[in-house]
Amino acid sequence: MSTDTVIPTSPAENPAGAPTRKVFIKTYGCQMNVYDSARMGDALASEGYVPTEEMGEADLILLNTCHIREKAADKVYSALGRLRDMKKARNAEGQELMIGVAGCVAQAEGEEILRREPSVDVVIGPQTYHRLPDALRRARQGDRVVDTDYAVEDKFEHLPAAGKASIRARGVTAFLTVQEGCDKFCTFCVVPYTRGAEVSRPLRQILDEAARLADSGVREITLLGQNVNAWRAEGPDGRTWGLGDLLYRLAEIPGLARLRYTTSHPRDMDDRLIEAHRDLRALMPYLHLPVQAGSDRILKAMNRRHTAAEYLQLIERIRAAKPDIAMSGDFIVGFPGETDSDFEETLQLVEAVNYAQAYSFKYSTRPGTPGADLPDHVPEEVKVERLERLQSLLLKQQAEFAKSCVGKVVDLLLEKPGRMPGQLIGRSPWLQSVNVDAKTSQIGDIIPVRIIGTGPNSLFAEPTQGLVAV
Ligand code: 5AD
Ligand code: SF4
């Protein structure tokens with residue numbers, strides 16, 4: 001799931017009189033960060049910043065960091081070391097270069113970043129991006145600013161609505177954050193500490209943003225949240241709405257053809273959400289539902305608050321409602337105390353579910369989490385071996401899933417130009433990248449194609465005439 005992406009943020013009008021400055025945003029980590037980077041770009045547009053993909057020509061470099069992987073902070077400090085040299089060289093030429101650190105490492109390290117890295121001007125946590133322009137103004141006056149308060153409602157309130165131009169720049173698919181933070185406190189995870197408690201965005205704001213996206217040509221929206229299926233808000237009928245209710249409502253928005261959501265916790269997968277999978281054609285048949293481990297003992301130590309059998313029963317219910325749903329998951333091997341037989345139970349669970357896609361990691365300690373205090377750490381070589389076994393099983397399942405698609409006619413949302421001239425890349429309902437011959441003018445269309453082959457990370461298809469996707 002982790003990708004390092006350079007976000008071309010939105011081009012926007014320059015307010016009268018403000019000098020044009022360029023911002024380069026380097027995004028680490030999950031889709032939530034990709035979305036946040038785009039929103040920081042929007043907030044900065046009002047200050048006259050335009051995006052650049054060339055770090056060398058930027059007046060402001062922002063690292064939007066992720067804390068979920070091991071040594072995340074170390075990586076940020078070494079990136080900052082390189083930026084320090086760049087800033088010195090720029091300043092020697094009499095030019096400005098401001099450096100900001102955002103995201104979860106900013107939240108976790110706070111002041112420490114300013115102490116260790118004198119070249120940093122601004123440290124800003126994930127809840128306060130709307131105050132970024134203000135922080136930069138203060139930094140320009142000579143302050144070094146740390147703003148890592150928790151004020152999620154504030155952030156949802158004050159982030160500028162994405163303008164049409166910026167939405168267009170993002171293409172026919174878009175992310176929309178509906179929920180932030182997590183109250184689950186899995187014992188290995190830093191998210192409840194870096195992103196804070198669960199907060200849901202109000203329904204009206206979500207509907208407004210979704211309608212604006214649809215108006216601007218977006219065909220597919222992925223709802224984001226650390227624990228997205230815990231989203232709750234007051235509905236127009238005065239009832240508390242859950243994610244299922246929200247999806248039914250979003251499916252009514254004209255032009256929005258596809259809906260997805262990520263990431264979900266098994267405990268929050270309620271009946272209404274499962275019914276939405278059954279009823280809504282727009283809700284894509286793909287579900288990222290991490291389980292982490294297959295042994296009840298380890299699940300308990302992880303504080304996942306469900307058993308392996310409960311997870312399997314849940315998947316049975318989901319599949320009964322939506323038989324062609326593709327399952328995706330996250331796994332951790334080598335959690336403290338994990339024995340060979342615990343690990344075998346993880347493999348058995350994977351066999352039982354048959355995943356179309358999955359992510360798997362070696363356990364690594366996050367300081368400050370309860371897992372860090374647990375005894376009985378699994379030796380590195382055992383973790384490596386378990387990860388290899390798990391990944392080869394998951395890859396086999398993934399390849400089998402891809403092969404099972406060959407010959408099928410599926411709906412493809414055409415997203416962007418492919419590598420070869422005359423080719424476009426689209427997404428299947430199951431989130432696979434598919435290459436097909438099509439014209440650039442078709443981007444945004446959903447067309448039936450026949451899958452004719454598989455590649456290492458994508459599928460190949462041919463357009464069909466008159467056939468209807470199954
Ligand atoms: N060690 C290894 N993997 C982790 N993840 C989260 N914290 C850790 C950790 N301490 C994985 C989980 C989660 C995914 C986003 O990252 O599998 O679902
Ligand atoms: Fe972390 Fe997900 Fe557990 Fe929340 S549910 S603590 S985000 S692993």
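Values in this text are rule-based calculations from the coordinates and carry no lab data. Remember, predicted model here, so these are calculated numbers, not experimental data. Note that each Cβ is placed from the backbone with ideal geometry, even for glycine, and that neighbours are counted across all protein chains shown.
Dividing the radius of gyration of the alpha carbons in region 2-147 by their Kirkwood radius gives 0.93 for Rg/Rh. Here the 3J(HN,Hα) profile of region 79-94, calculated from phi with Karplus coefficients 6.51, -1.76 and 1.60 at θ = phi - 60°, is 4, 5, x, 5, 5, 4, 5, 5, 5, 4, 4, 5, 4, 4, 8, x Hz, Gly and Pro shown as x.
Left without a cysteine partner by the 4.7 Å Cβ rule in the chain: Cys30, Cys66, Cys104, Cys182, Cys405.
Report the trypsin sites (Lys or Arg not before Pro) located in region 298-372 that are in a DSSP loop and have at most 14 other Cβ atoms inside 10 Å of their Cβ, or state none. Answer in residue order: Arg305. Sequentially through region 20-32, phi angles give Karplus couplings (6.51, -1.76, 1.60; θ = phi - 60°) of 7, 10, 10, 10, 10, 10, 9, 10, 10, x, 8, 4, 4 Hz, Gly and Pro residues having no value and appearing as x. Within a straight-line Cα-Cα reach of under 27 Å, Lys88 can be paired with the following lysines, leaving aside sequence neighbours fewer than 8 residues apart in one chain: Lys22, Lys26, Lys71, Lys75. Packing here is the average count of other Cβ atoms within 10 Å per residue, and on that basis the peptides 212-220, 413-421, highest first, run 212-220, 413-421. Label separation (Ser46 vs Thr365): 4.4 nm, computed from points 7 Å beyond Cα along the C-beta direction. Dipole magnitude for region 286-405: about 500 debye, using +1 per Lys or Arg Cβ and -1 per Asp or Glu Cβ, origin at the Cα centre.
For region 171-284, the Cβ-based charge dipole about the Cα centre amounts to some 240 debye (Lys, Arg positive; Asp, Glu negative; other atoms uncharged).
For Lys396, the lysines whose Cα comes closer than 27 Å to its Cα, not counting residues fewer than 8 places off in the same chain, are Lys322, Lys362, Lys383, Lys408.
Taking only the Cα atoms of region 223-358, the radius of gyration and Dmax are 16.0, 52 Å. Here the relative contact order of region 270-394, from alpha carbon pairs under 8 Å that lie six or more residues apart, stands at 27 percent.
What's the extension gain from Glu400 to Arg267 if we count 0.36 nm per residue and subtract their Cα-Cα distance? Please list the in-between numbers first.
On the way: separation 133, 0.36 × 133 = 47.88 nm, distance 2.87 nm.
In short, 45.0 nm is gained.
From the Cα gyration tensor of the chain, with a ≥ b ≥ c the square roots of its eigenvalues, which class applies: rounded if a/c is under 1.5, or else prolate if a/b is larger than b/c, or else oblate? It comes out oblate by the Cα gyration axes.
Report the gain in length on full extension from Met420 to Ser392: 0.36 nm times residue separation, minus Cα-Cα distance, nm rounded to one decimal. Intermediate results must be reported in sequence, preceding the final value.
Working: separation 28, 0.36 × 28 = 10.08 nm, distance 3.06 nm.
Length gained between Met420 and Ser392: 7.0 nm.
Could you tell me how many cubic angstrom of Cα convex hull volume region 286-405 has per residue?
That works out to 95 Å³ per residue.
Order of 283-294, 189-200, 387-398 by packing, highest average Cβ count within 10 Å first?
283-294, 189-200, 387-398
Over all alpha-carbon pairs in region 171-284, figure out the percentage whose distance exceeds 21 Å. Above the 21 Å cut-off, region 171-284 has 34 percent of its Cα pairs. Here region 323-361 is scanned for amide nitrogen atoms under 19 Å from the site 7 Å beyond the Cα of Glu385 along Cα-to-Cβ, giving 332-348, 361. For region 230-246, backbone phi angles converted through the Karplus equation (6.51, -1.76, 1.60; θ = phi - 60°) give residue-by-residue couplings of 8, 4, 9, 7, 6, x, x, 8, x, 6, 7, 8, x, 4, x, 4, 4 Hz, Gly and Pro being listed as x. Close amide-amide hydrogen proximity is noted between Thr177 and Leu224, each under 5 Å apart and 5 or more residues distant or on a separate chain (H modeled in the peptide plane; Pro and chain starts excluded).
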